[in-house]
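The values are calculated or read from the model by the stated rules, or taken from the named source; none is laboratory data. The model shown is predicted, which means the values in this text are computed figures rather than measured ones. Counting neighbours? That spans all protein chains shown, and the Cβs are built from the backbone with ideal geometry, glycine included. In case anyone asks, the SASA skips ligands and DNA or RNA and just uses the protein heavy atoms, side chains included. Shrake-Rupley method; radii C 1.70, N 1.55, O 1.52, S 1.80 Å.
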Amino acid sequence: MASPFATGIYGLASATSWGAGDFSGGLATKRAPVYTVAAVSKVASLGAMLLLAWLRAEQIPSPHILVWAGAAGVAGAVGLMSLYQALAIGMMGTVAPVSAVIAASIPVVFAALSVGFPTGWQFAGFVLAIVAVWFISRPAPAAAGVPPIPPGSGLGLAALAGVGFGGFYIFISLARAEAVFWPLATSQFFTLAAVLAAAGAVAAARRTGAARLPVRAVPLMLLAGLLDAGGNAFFLLAEHAGRLDVAAVLASLYPASTVILARVILKERVTGVQLWGIVTALASLPLIVG
């Protein structure tokens, strides 16, 4: 039975956990190569899912459930690696919002076609939330003296990242089973395999050796992985409790968590646009949950 309130709570918990994971992963990336951070964090995510599946004595789902979960893992890996590359070559203030908005919009369209349109108030909430994601994801203007980035750089990869994350939302929702953690463990395994394959290909192309593993960054990597696992689990619970589009739009508010943590811990400035985005996100919640 659908529970809008439970969907709202789990969706916001997913956003909070994913945003905190991105914050931890971002700090780790300042100390270690990005593929190393991604790989170690995914090992932690996979380990957490396997442990929870064992503790709950979950039965391994049928093969077709695991196939959808594997597809979710591959889509998530495509989104993750495309976003990292887009952020490296493009304007963060454009790349991050584009990827997040596309990721939130795809499940809305899919849910409308598969289970029917949301209510008018929910749709209005979706629009507000997507606008909020765009505002929150925009960082402060670049400092004086920073070389300008050509307009449009990285937008293609940002769009691909959004498609990848949107695909994760849809595919993991199709991995419906009594089990929660086995499908998530499967998706994490395929994400890890894709990240390792990409890292190996990059190392071979650049003719570099294995990436270094700074010990002091490992706790942050592990924390990022555990928080990512929590975000995945809460998202799946949100989707099971209600509509996919509601769960996906609420979970896509994760940049707010990252921005707030950066303000509290790193004392980074919250811009006026980001503040308006947070206010808009709060205004969207009662409309979406109903």
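Considering only C-alpha atoms, what is the centroid distance from the range 1-73 to the range 180-257, in Å?
Each part reduced to its Cα centre gives a spacing of 6 Å.
Taking a probe of 1.4 Å, how large is the accessible area per residue of the chain, in Å²?
Accessible surface, normalised per residue, equals 47 Å².
How big is the dipole moment of the chain about its Cα centre under a simple scheme where the beta carbon of each Lys and Arg is +1, that of each Asp and Glu is -1, and everything else is neutral? Debye, nearest 20, please.
820
Given axes a ≥ b ≥ c from the Cα gyration tensor, I'd like to know whether the range 36-107 is rounded (a/c under 1.5), prolate (a/b larger than b/c) or oblate.
Cα axes put the range 36-107 in the prolate bin.
Of the residues Val101, Val215, Val259, which exhibits the maximal mean-square fluctuation in a Gaussian network model of the chain defined by a 10 Å Cα contact cut-off?
The residue with the greatest mean-square fluctuation here is Val215.
Counting only protein heavy atoms and using a 1.4 Å probe, what share of the accessible area of the chain belongs to carbon plus sulfur, as a whole percent?
Taking all protein chains in place, the chain shows 73 percent carbon and sulfur surface.
In nm, to one decimal, how far is the Val215 label point from the Arg31 one, both placed 7 Å along Cα→Cβ?
Going by the 7 Å Cα→Cβ label model, 1.2 nm.
In deg cm²/dmol and to the nearest 500, what is the mean residue ellipticity at 222 nm of the chain if only DSSP H runs of at least 4 residues count, each as -39500 (n - 2.57), divided by the residue total? Don't jump to the answer; show the numbers that get you there.
Numbers: 11 runs with 224 residues, N = 290.
Per the formula, -26500 deg cm²/dmol.
Taking the chain as a Gaussian network, where each spring joins two C-alpha atoms under 10 Å apart, which residue of Gln122, Gln188, Gln59 fluctuates the most?
Between Gln122, Gln188, Gln59, it is Gln59 that shows the largest mean-square fluctuation.
Which whole-number percent gives the relative contact order of the chain, counting Cα pairs below 8 Å spaced six or more residues apart?
The value is 46 percent.
Let me check something: with ligands and nucleic acids excluded, how do Leu250, Leu196, Leu128 order by accessible area (1.4 Å probe), largest to smallest?
Leu196, Leu128, Leu250
Once both labels are modelled 7 Å past Cα along the beta-carbon direction, what's the Ala204-Val264 spacing in nm?
Spacing of the two 7 Å Cα→Cβ label points: 4.4 nm.
Stokes-Einstein D for the range 1-50 at 25 °C, 0.890 mPa s, Kirkwood Rh over Cα pairs, in µm²/s?
Stokes-Einstein gives a translational diffusion coefficient of 195 µm²/s.
What is the Cα radius of gyration of the chain over 2.2 N^0.38 Å, N being its residue count? It would help to have the intermediate numbers written out before the result.
Details: Rg = 18.3 Å, N = 290, 2.2 N^0.38 = 19.0 Å.
Dividing the Cα radius of gyration by 2.2 N^0.38 Å gives 0.96.
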